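What follows is a short report on a single structure.
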Amino acid sequence: MEKDISVEEALPALLEAALDGQPVARLRAIIRTTPRLASGSFMRAREGWKHSAQDFSLAELAALIRLLTLAETAIPAWRCGSVSPVIKLFHVYIGSEGAAEDALTDWVLRHTSNGYLPYGTSNHGARSLTELRVLRAVATENKIARWRAESDIHEEPLVRRSVKATRNIFPAIRRGDTLAVQALLGHGADLSGRDADGSTPLEYAVRLGHETIVELLRKHTDTATPQPNK
C-alpha cells in the first residue's frame, strides 16, 4: 500500500497546475500520472502548508489558492471544510506586503462551495465580498439583538422585584419594621421613589420619627437628611 503523499511532495505538482492556463484540467492530468494525489489526504494536513508556502511569490500564492478553491468543488475527495489549506494559504497571502486581499477574497467567494473560505470562519453563503460584508453586518446586528433580548429576560424579574420593593417600603416604614425595610433594600427598593404625598422613604421615616430606620436609610442614600415637619 502506497504511503499518503505529504504537503511538501504535493506542492510542486499543485503549483505546476495552478500556473497553467487551465488549472483544473492540468491538475486532473497530473493526478492520472500521480495517483497518490487522488485521495487528497494532504489537503487535511495540519502542518506544512504555511511553512512550505513562505517562499512563494504573491502571484504563486494567489494561483495556488485559486486552484485549491476550484479543486475542492471539482474533486469530492479534496473537500475539507474548516481545515481547508486554502484558509492557511490565504492568511499567508494577506499577511504579505502588496497582497490584493479584497480582489482575491471576492474571487474565492464567487468560486467556492466551502462555507469556511477564505477566512476560516463562516462566509454566511456569500457569493461576493460585498455580499459578505452585508451578511456579516446582519449577523452582528442579530447577535446584538439576541444579547439584548437575553439581557432583558434576565433583567425583567429584577426590575419587577425592585418596583415591588419600592412600593412596599413605605408600609414597612409606617409599621416601624426595620427588618422588613432592610430586606426591601436588599431587593432593590428605590430610595428616590416617592409616596402619594411626594415623600421619599427617608423623608417619610424622619417624619414618623423611626430613628433606627432613618439611620438604615441614610446608609443607602446620598440625599441629605431632611428636617422633620413641625
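Residue 155 satisfies every condition listed in (1) at pLDDT below 90; (2) surrounded by 17 or more Cβ atoms within 10 Å (Cβ to Cβ) except (2).
Out of 65, 87, 31, which single residue is touching a Gly at 6+ places or on another chain (Cβ under 8 Å), in the same structural domain as residue 12 (by TED's automatic domain parsing), among the β-branched types (Val, Ile, Thr) and at pLDDT 90 or above?
87
Counting only residues that are farther than 16 Å from residue 199 by Cα and out of contact with any Gly (no Cβ under 8 Å at 6 or more places or on another chain), the range 157-174 holds 5 of them.
For (1) in a helix (DSSP H, G or I); (2) not aromatic (Phe, Trp, Tyr), each residue gets a yes or a no:
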site	(1), (2)
134	yes, yes
147	yes, no
163	yes, yes
189	no, yes
199	no, yes
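Elements of the type helices (runs of 4 or more DSSP H) sitting completely within the range 1-116 and holding at least 1 residues that are of a type in the set (A, V, I, L, M) and surrounded by fewer than 15 Cβ atoms within 10 Å (Cβ to Cβ): these cover 23-33, 58-74, 101-111.
The values are calculated or read from the model by the stated rules, or taken from the named source; none is laboratory data. The structure displayed is predicted, hence computed values, not measured ones. Because the Cβ atoms are built from the backbone with ideal geometry, glycine has one as well, and the counts that use them run over all protein chains shown.
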